[in-house]
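Below: the structure, in C-alpha cells.
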Amino acid sequence: MAADTGYEADAAGARAGAERAVRLLLDNGALTALVVLVAALSLLSGDFLTAENLRNVGVQAAVTAVLAFGVTFVIVTAGIDLSVGSVAALSAIVLAWAATTHGLPVWLAVPLALATGVGCGLVSGALIAFGKLPPFIATLAMLSIARGLSLVVSQGSPVELPDPLSTLGDTLGGWLPVPVLVMLVAGLLTAGVLGRAYTGRAMYAIGGNEEAAHLSGIRVRRHKIVAYVLSGALAAVAGVLLAARLSSAQPQAGDGYELDAIAAVVIGGASLAGGVGRASGTLIGALILAVLRNGLNLLEVSTFWQHVVIGAVIALAVLLDTARRRAGARPAAPGATGGGQGPRHRWLTGAPLRLGVATVVVAAVVVGAALRDPDPGGGTRVGLSLSTLNNPFFVQLKAGAREEAEAAGVRLQVTDAQNDASQQANHVQNFLSKQMDAIVVNPVDSRAAGPAVKGAVARGVPVVAVDRGVTGAPALTLVASDNVGGGRLAARELARRLGGRGTVVVLQGTPGTSAARERGKGFADGIAAYPGIKVVGRQSADFDRAKGLDVTTNLLQSHPGVDGVFAENDEMALGAVKALGARAGTSVEVVGFDGTPEALRAVRGGTLAATVAQQPRELGRLAVRDAIRLARGESPRRTVKVPVKVVAARPR
C-alpha cells in the first residue's frame, strides 16, 4: 500500500507539473506563439533545430532585443521612441571615429559611444518632459538629427572598427556568441529596474495614470527623462554590437530598426497605452521576430512574402492588446497583486485567443512556405544575397541569375538585404545553416560583408562576389563591372555633349554605399579633366526616382541655368528628367548609370542623353555560373570583368 501511495504521489506530482507548464503557456500568449512556432519550423525544415542555427537565431535577435529593452521603459510610461535605430548608428560611428580616426583607446571610445546614446535620450526626454512635445514628434526629430550627425561625422562612408572592438561580435569558448551574452545581461538589468527598483514602479504608475502618479508624489518629469535616457543608453549598446558584428560602423545602419524594437515590445505583451510591459515578454517578442525571419529564410519563402507574414504577426499582437484592454483585463505590473482590473472575458482574452494567435502565426508560416520561390530541382544549391530588390538593376541581375540556375538545373535561393548590411550577414549565416554548396553575395557594403564571407570561406563554402567586391575576406571570384571606370565614362560623355563648358549638378546615391562612393569618385575624377565644366551642386537622392525628382526640383531653384545632370543610377536620372520636363534632352543633358530597360527607352526617346550600361543580367548569369563551377570543385577565376558601355541618344 505504501508503495502504491508513493507511486500515486509521484504521478500526481507529474500531473501537477504538466498542468503548471500548460498553464504557463496558456497565460502567456507570446511564449505560446514562440513554442508553437519553433515546433512548426522544426517540422517544416530539417535545418532549423540545429545547434548552429539556434546560435544564429540568438545572434540575429540580439541587436533588436537590446534596442527593444530600452524601448520597453518608454512604452511602459505610455511613450514611444522612434529614434533608437538612428541613435544606435550614431553611437557606432562615434565609437569607430574616436578609436580609428583619432586613435583613442578602447576604454575611452566605448564610454564615449555610450555617452552619445545617453545624451540623445536626455535631449528627447527633456523635450517631452519640459518642452511638452508629444513623444512621437520629439523622437522623430531625434531620429533625423542622429541620422544626420552620423552622416556628417562619417562623411557618408563606413568607418573601420579596430580589431579589439570587432571581437565583441565573436564567440566565447567557440559556442557562446558575445552578442547573445550582452542581450541576456541587458535583459536582466531591464527586468531588475522594472521589477525591483523604485524607478521601475514609478514608470508603471506613470503609464497607468500620469495624473494619479503626479498626485501621489511621483516626480513624473524626472522618471520620464530616465526612461528615455535608458532607451538611448541601450540603443548605444546595440550600436556597438552591430558595428562589432560588421567590423565597421555604417552611417545607414539601424534604418527601420525602431519599428522592429517597438514590434518586439508589443508582441511580448506590452500595451501601447502604457503601464504594462516586462523584459521577459520583450525578449520573447524579439525571439519571435528572429525565429520568423530565420525560419522563412530556411523555407526559402519569397522575400516579398516575408514582409506580409511579419506584418500580419505584428498586427495580431496589437489586436490582442486592444482586445485585452477593451475587456478590462490589463495584466498586472511586476510586483502587483491581483489578476487585473475589470471583468475577465475568457472568450476574448484567455486561452482560446492566445492559442488562436499562435495558430494563426504558424498558419502564416505554412502559407508562406507554400509561396516559396520556385525550385527548379537538382542537387547543387546556391544562395544569392542581393543588396536590394527595390531597384530595376538588381531585379535584372536576379533574373539573369535565375536563368543560369534553371539552365544548369541547380537550386537557387535569392534573399533581399534591403540595403541593410546586418540583414545580409543574417542571410549568409542562414545559407550556411542550410548547407548551401556555394554563395553569391552582392554586398550592401564591401567592408561590412567581410566577416560573414570570411566565416563562409572558413567553413569551406565557396563565395562569389557580384557587382561589388568584399573587403577583409577572400571571395574566391569577383564578377563585376567597373563602377569607377563607369563614372569616368559618364563624365566624358556629359562633357562631350556640353562641348566642354557649362554647369552641372550631381544626384548622389545612398550615402555610405560602395556604389555611390565609386561612381561619384569616377565622375569627379573624369570631370576634373574639363576645367570649363563646373559642378555647382551635389545632393543625395538615395538611388530613388521620387527623391531624384524632388532633389532636382530643389537644385533647379538655386541653379536655374544648369546645363547638365549626372545621376549615379538610372532611377534618379529618370526622376531628374521628370523634374526638367521639356528641358530634358533639349537645353539640359541628363546622364544616368545602370542601363535599365526604362532608361534605354528614354535614351531612344531623346529625353535621357545617355546611360552607362552595366549589363546586369550578364552579371547575374556569370556569378551563378562561377558559383556552380566552384561548388563542383573546379578552379576559381579571380576576377571576371563585364564590360560597361555608354548608350547615348543621337546628338541634337
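The values are calculated or read from the model by the stated rules, or taken from the named source; none is laboratory data. All of these numbers come straight from a predicted model, not from anything done at the bench. Neighbour counts are summed over all protein chains in view; Cβ atoms, including those assigned to glycine, are modelled from backbone coordinates with ideal geometry. For the accessible areas, the whole protein counts, side chains as well, though only heavy atoms, and no ligand, DNA or RNA atoms are used. Shrake-Rupley method; radii C 1.70, N 1.55, O 1.52, S 1.80 Å.
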remark   = Of the residues in the stretch 45-67, those that are more than 19 Å from Ala417 (Cα to Cα) and aliphatic (A, V, I, L, M) come to Leu49, Ala51, Leu54, Ala65, Val66, Leu67
message = I'd like to verify a number: residues in the stretch 205-220 that are crowded, with 16+ Cβ neighbours inside 10 Å and not in a helix (DSSP H, G or I), how many?
response = 1
inquiry  = Tally up the residues in the stretch 38-57 that are surrounded by fewer than 20 Cβ atoms within 10 Å (Cβ to Cβ) and in a helix (DSSP H, G or I), please.
reply    = 9
task = Sort out which residues of the stretch 172-204 are not in a helix (DSSP H, G or I) and not aromatic (Phe, Trp, Tyr), and write them in order of number.
result = Leu172, Gly173, Gly174, Leu176, Pro177, Ala197
query = Of all residues in the stretch 429-445 being surrounded by fewer than 24 Cβ atoms within 10 Å (Cβ to Cβ) and within 24 Å of Ser166 (Cα to Cα), which is nearest to the chain's Cα centre (by Cα)?
reply = Gln429
remark   = Of those in the stretch 508-519 that are closer than 23 Å to Asn554 by Cα and out of contact with any Lys or Arg (no Cβ under 8 Å at 6 or more places or on another chain), the residue modelled with the lowest pLDDT is Gly512
query = Which helices (runs of 4 or more DSSP H) sit wholly inside the stretch 63-171 and have at least 2 residues that are over 29 Å from Gly192 (Cα atoms)?
reply = 84-96, 135-154, 163-166
query = Just to be sure, is Ser433 of a type in the set (S, T, N, Q) and closer than 23 Å to Phe543 by Cβ?
reply = no
ask   = Is at least one residue of the stretch 548-558 touching a helix residue (DSSP H, G or I) at 6+ places or on another chain (Cβ under 7 Å), under 22 Å from Val646 (Cβ atoms) and among the aliphatic types (A, V, I, L, M)?
value = no
task = Sort out which residues of the stretch 377-417 are open to solvent by less than 10 Å² (accessible area, probe 1.4 Å), modelled with pLDDT of 90 or more and either among the small types (Gly, Ala, Ser) or part of a helix (DSSP H, G or I) (or both), and write them in order of number.
result = Gly383, Ser385, Ser387, Leu397, Gly400, Ala401, Ala405, Ala417
message = Out of Asp467, Asp482, I need the residue that is crowded, with 24+ Cβ neighbours inside 10 Å and charged (D, E, K, R). Which one?
response = Asp467
query = With (1) part of a helix (DSSP H, G or I); (2) over 30 Å from Ala425 (Cβ atoms) as the list, and Gly486 as the residue in question, which single condition is left unmet?
reply = (2)
inquiry  = Please determine whether any residue of the stretch 223-234 is small (Gly, Ala, Ser), in a loop (DSSP other than H, G, I, E, B) and open to solvent by less than 20 Å² (accessible area, probe 1.4 Å).
reply    = no
ask   = On the given criteria, is Leu292 touching a Leu at 6+ places or on another chain (Cβ under 8 Å), farther than 30 Å from Ser150 by Cβ and open to solvent by less than 10 Å² (accessible area, probe 1.4 Å)?
value = no
message = Please go through the stretch 434-468 and give me each residue that is out of contact with any Phe, Trp or Tyr (no Cβ under 8 Å at 6 or more places or on another chain) and part of a helix (DSSP H, G or I), ordered by number.
response = Gly450, Pro451, Ala452, Val453, Lys454, Gly455, Val457, Ala458
ask   = What number of residues within the stretch 105-155 are on the phi > 0 side of the Ramachandran plot and of a type in the set (Lys, Arg)?
value = 1
task = Mind counting the residues in the stretch 65-104 that are surrounded by fewer than 24 Cβ atoms within 10 Å (Cβ to Cβ) and either farther than 27 Å from Ile206 by Cα or among the hydroxyl-bearing types (Ser, Thr, Tyr) (or both)?
result = 7
task = May I ask you to verify whether Leu241 is out of contact with any Ser or Thr (no Cβ under 9 Å at 6 or more places or on another chain), surrounded by fewer than 22 Cβ atoms within 10 Å (Cβ to Cβ), modelled with pLDDT under 95 and part of a helix (DSSP H, G or I)?
result = no
task = Residue by residue through the stretch 145-180, note down the ones that are open to solvent by 70 Å² or more (accessible area, probe 1.4 Å) and closer than 16 Å to Ala236 by Cα.
result = Ile145, Leu149
remark   = How many residues of the stretch 409-459 are in contact (Cβ under 8 Å) with a residue 60 or more places away in the chain and in contact with a His (Cβ under 7 Å, 6 or more places away or on another chain)? The answer is 1
message = Consider the stretch 251-282. How many of its residues are open to solvent by less than 20 Å² (accessible area, probe 1.4 Å) and within 13 Å of Val159 (Cα to Cα)?
response = 2
ask   = Which one of Arg201, Arg222, Arg245, Arg293 is under 28 Å from Leu161 (Cβ atoms) and out of contact with any helix residue (DSSP H, G or I) (no Cβ under 6 Å at 6 or more places or on another chain)?
value = Arg293
note = Condition set touching a Lys or Arg at 6+ places or on another chain (Cβ under 9 Å), more than 27 Å from Phe523 (Cβ to Cβ) and without any contact (Cβ under 8 Å) to a residue 40 or more places away in the chain, scope the stretch 606-639, selection least open to solvent (accessible area, probe 1.4 Å): answer is Arg629
task = Please go through the stretch 561-576 and pick out each residue that is more than 31 Å from the chain's Cα centre (by Cα) and open to solvent by 10 Å² or more (accessible area, probe 1.4 Å).
result = Gly561, Asp563
query = Counting only residues that are open to solvent by 10 Å² or more (accessible area, probe 1.4 Å), among the aliphatic types (A, V, I, L, M) and either in contact with a helix residue (DSSP H, G or I) (Cβ under 8 Å, 6 or more places away or on another chain) or at positive phi (or both), how many does the stretch 585-605 have?
reply = 1
task = Return yes when Ala332 is open to solvent by 20 Å² or more (accessible area, probe 1.4 Å) and either at pLDDT below 55 or in contact with a Gly (Cβ under 8 Å, 6 or more places away or on another chain) (or both) and no when it is not.
result = yes
